[in-house]
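What follows is a set of notes on a single structure, which appears directly below.
The values are calculated or read from the model by the stated rules, or taken from the named source; none is laboratory data. Here the structure is a predicted model, which means the values were calculated and not measured. All Cβ positions, even for glycine, are placed from backbone atoms using ideal geometry, and neighbour counts span all protein chains on display. Side chains are part of the model used for accessible areas, which takes the heavy atoms of the whole protein and leaves out ligands, DNA and RNA. Shrake-Rupley method; radii C 1.70, N 1.55, O 1.52, S 1.80 Å.
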Amino acid sequence: MQEQQTPLRVFCVATPIIPAIRKFEFVDQAIAAHGKIVYLLTGDPENCEAMIQKILAADKLPIVNLDLLNGFSRDRYAVNYLKRAGARGIISTHLDPLRHALSIGLYGIQRTFLLDSGAMDTITNQLKNTPVDALEVLPALVAPKILERVRAISPDLPVVGGGLIQNMKEAEELLAQGLSAVSISNPQMWIR
């Protein structure tokens, strides 16, 4: 049995703007940003562990998008490796690695693309059957449309908007509409 960890929603409150690293050279800027969470949207077997360790050394939570890593499969072995490397959680559109991550004490963030009402139905059903620690919805600008459905299933589940946020005004409007946080890959927007 894994030890109980702090709910991810607690860290989202402290990190309304989540730095989402797309290039290795932005790690230092991400760890200098306010908040506790840092997303890794890049990496490979040669540099992933170094980025994770640098984020940990800054007392932040490295959450790795398994789907965007190079040289990794989306399976339990990759999740096990990421845990050994120090990752505190994974993001994925795939339920199997999320279930495994949760079973070994990592945070699991379900990522989904909200393209139409069918996608809303699918994610609603998945949330009913597979509990996760947070939901990340892309593009961010449509994320508020699913909040009512998510809150009916899990009132405290953090909903993060990601993708296509062009400026701080958009980020602030999304947060005001009820999103728990927004993930942003533009380093100029990480310092608030």
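Listed values, structure above:
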{"item": "Residues that are surrounded by 13 or more Cβ atoms within 10 Å (Cβ to Cβ) and touching a residue at least 24 places away in the same chain (Cβ under 8 Å), drawn from region 42-52", "result": "Thr42, Gly43, Pro45, Cys48, Glu49, Met51, Ile52"}
{"item": "Conditions (1) touching a residue at least 12 places away in the same chain (Cβ under 8 Å); (2) in a loop (DSSP other than H, G, I, E, B): number failed by Pro155", "result": "(1)"}
{"item": "Residue selected from region 31-51 under the condition under 14 Å from the mean Cα position of the chain (by Cα) and of a type in the set (A, V, I, L, M, F, W, C), by the criterion farthest from Leu106 (Cα to Cα)", "result": "Leu41"}
{"item": "Inter-residue pairs, beta-carbon under 8 Å, first free of Cβ contacts under 8 Å to residues at least 60 places away in the same chain and in region 17-41, second hydroxyl-bearing (Ser, Thr, Tyr), 6+ apart", "result": "Lys23/Thr42; Phe24/Thr42; Gly35/Thr15; Lys36/Thr15"}
{"item": "Test set (1) open to solvent by less than 30 Å² (accessible area, probe 1.4 Å); (2) out of contact with any Lys or Arg (no Cβ under 8 Å at 6 or more places or on another chain); (3) not in a loop (DSSP other than H, G, I, E, B) - Val132 fails condition number", "result": "(3)"}
{"item": "Condition met for Ala119 (of a type in the set (Gly, Ala, Ser) and either closer than 28 Å to Phe24 by Cβ or buried (at least 18 other Cβ atoms within 10 Å of the Cβ) (or both))", "result": "no"}
{"item": "Those residues of region 80-100 which are open to solvent by less than 30 Å² (accessible area, probe 1.4 Å), aliphatic (A, V, I, L, M) and under 15 Å from the mean Cα position of the chain (by Cα), in sequence order", "result": "Leu82, Ala87, Ile90, Ile91, Leu98"}
{"item": "Residue match in region 101-111 (condition: open to solvent by 20 Å² or more (accessible area, probe 1.4 Å), touching a residue at least 24 places away in the same chain (Cβ under 8 Å), touching an Asp or Glu at 6+ places or on another chain (Cβ under 7 Å) and within 20 Å of Pro19 (Cβ to Cβ))", "result": "yes"}
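Let's see how each residue does on (1) of a type outside the set (S, T, N, Q); (2) touching a strand residue (DSSP E or B) at 6+ places or on another chain (Cβ under 8 Å); (3) assigned to a strand (DSSP E or B):
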site: Asp44; (1), (2), (3): yes, no, no
site: Phe72; (1), (2), (3): yes, no, no
site: Ala101; (1), (2), (3): yes, yes, no
site: Gly105; (1), (2), (3): yes, no, no
site: Gly108; (1), (2), (3): yes, yes, yes
site: Thr112; (1), (2), (3): no, yes, yes
site: Ile123; (1), (2), (3): yes, yes, no
